[in-house]
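The structure under discussion appears below in the form of structure tokens.
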Amino acid sequence: MKHLNTMRRVFINSLMFLFILALTSTIPVYALSIERSDFGSSAIEINFDDVLAGTLVNDLYLLDGVSFDNALVYAGNYPVSPPNLIKSSDGEAITIHFPRCAMRVGIQIDTDGYDPDRQPQMRVFDANGNLLGLENFGQGADFVGFEFQDPFISTVKLGSTFPNIPNTFLYSDAHDNLIFELAPMKKVTVDFDPDIFEVEIEEDKESEEPEDAYLRAFIEPPVGVSVNDIDAYSVTLAVNEIFIATAEYPNIVDNVLDVLFPVNLTNISDILEINVAEFELDLSDHESEVKALNFPQHIVKLIELTISGSFIDGSGFNGSDAVRMILIND
């Protein structure tokens, strides 16, 4: 009987998905519903118990690869893992984003069940907003999960359909224990220009506030991938996982993306790992002048710069290159 009920549930979900898909999209879709046991060792689990009740989640877990539009943490009466759950802050379906996309995602509904006036449901979308799949939640702390790898999952919506209110999908029930696996990052080849330049320290130098200078990077996608598939405005620069800058002035030559990263008084300290008071940087001559605090010696620094970004399908990429900086204390 349990097997029969499971088959009936899958059949009903499939019919509902095909109906909604016919209304919203014409692309071919290949849905795979999965269980919690299908997630691998790299899966990230969030139970929201490390956040104070009353907090809007927003970008609190962005470093884990996920953000939320309208999720509010609260200590409800029916959590799956006490004390916290998430609910909608505005009455709309809870919206979850994966900026670099996910290949697997799942979540549980709260434990108190629901009445026939609504049907809680999870919907997943690709980076272009196309509906990839949907599945109904059952009663109790039911788990719903999806796996998509072509295309990857970019957005999840958690809401309900209402028999008495056609064509609506709104918030109704709280959720707990989000689990996901991010899409694998593709490796790109990165070459910085210049790869060697001098930084001259002048402790008593007085100068006007300097304008931005730029580090130039050439980014080549993997074999078989077009540079036109890169979202040029998603490209960022980091040092030791510390954000430095977002790429500017993208230009494509052959199959290489040419971008500039601004270097200024705000981020030069993170790049050089010294306390900088003011600086001048002229990359055209590969020479720089910096006024630094507590910097007593001549140093040659080999600094690894990391590029990351997204393709237009939402999947991510990264790559790195080393830049040698010669720091001279005047």
Only one of 75, 71 is farther than 25 Å from residue 150 by Cα, aliphatic (A, V, I, L, M) and crowded, with 22+ Cβ neighbours inside 10 Å. Can you tell me which? 71
Looking only at strands (runs of 3 or more DSSP E) that lie completely in segment 87-179, which have at least 3 residues being touching a Cys at 6+ places or on another chain (Cβ under 9 Å)? none
Restricted to segment 233-257, and to residues that are assigned to a strand (DSSP E or B), more than 17 Å from residue 311 (Cα to Cα) and not aliphatic (A, V, I, L, M), which residue is nearest to the chain's Cα centre (by Cα)? 243
Taking segment 79-120, which residues are surrounded by fewer than 19 Cβ atoms within 10 Å (Cβ to Cβ) and on the phi > 0 side of the Ramachandran plot? 91, 113
Residues of segment 22-79 satisfying the condition of being part of a loop (DSSP other than H, G, I, E, B), modelled with pLDDT under 90 and of a type in the set (S, T, N, Q): 25, 26
Among the residues of segment 103-128, which ones are modelled with pLDDT under 95 and either farther than 16 Å from residue 159 by Cβ or not assigned by TED's automatic domain parsing to the domain that holds residue 64 (or both)? 103, 112, 113, 116, 126, 127, 128
Filter segment 212-232 for residues that are assigned to a loop (DSSP other than H, G, I, E, B) and either of a type in the set (A, V, I, L, M, F, W, C) or crowded, with 16+ Cβ neighbours inside 10 Å (or both); which is modelled with the highest pLDDT? 221
Residue 244 vs (1) surrounded by 17 or more Cβ atoms within 10 Å (Cβ to Cβ); (2) touching a helix residue (DSSP H, G or I) at 6+ places or on another chain (Cβ under 7 Å); (3) modelled with pLDDT of 90 or more; (4) over 30 Å from residue 147 (Cα atoms): all pass except (3)
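A quick yes/no check of all residues on (1) polar (S, T, N, Q); (2) over 15 Å from residue 190 (Cβ atoms); (3) not assigned by TED's automatic domain parsing to the domain that holds residue 302:
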residue: 230; (1), (2), (3): no, no, no
residue: 236; (1), (2), (3): yes, no, no
residue: 240; (1), (2), (3): yes, yes, no
residue: 243; (1), (2), (3): no, yes, no
residue: 252; (1), (2), (3): no, yes, no
residue: 255; (1), (2), (3): yes, no, no
residue: 259; (1), (2), (3): no, no, no
residue: 267; (1), (2), (3): yes, yes, no
residue: 270; (1), (2), (3): no, yes, no
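The values are calculated or read from the model by the stated rules, or taken from the named source; none is laboratory data. The model shown is predicted, which means the values in this text are computed figures rather than measured ones. Because the Cβ atoms are built from the backbone with ideal geometry, glycine has one as well, and the counts that use them run over all protein chains shown.
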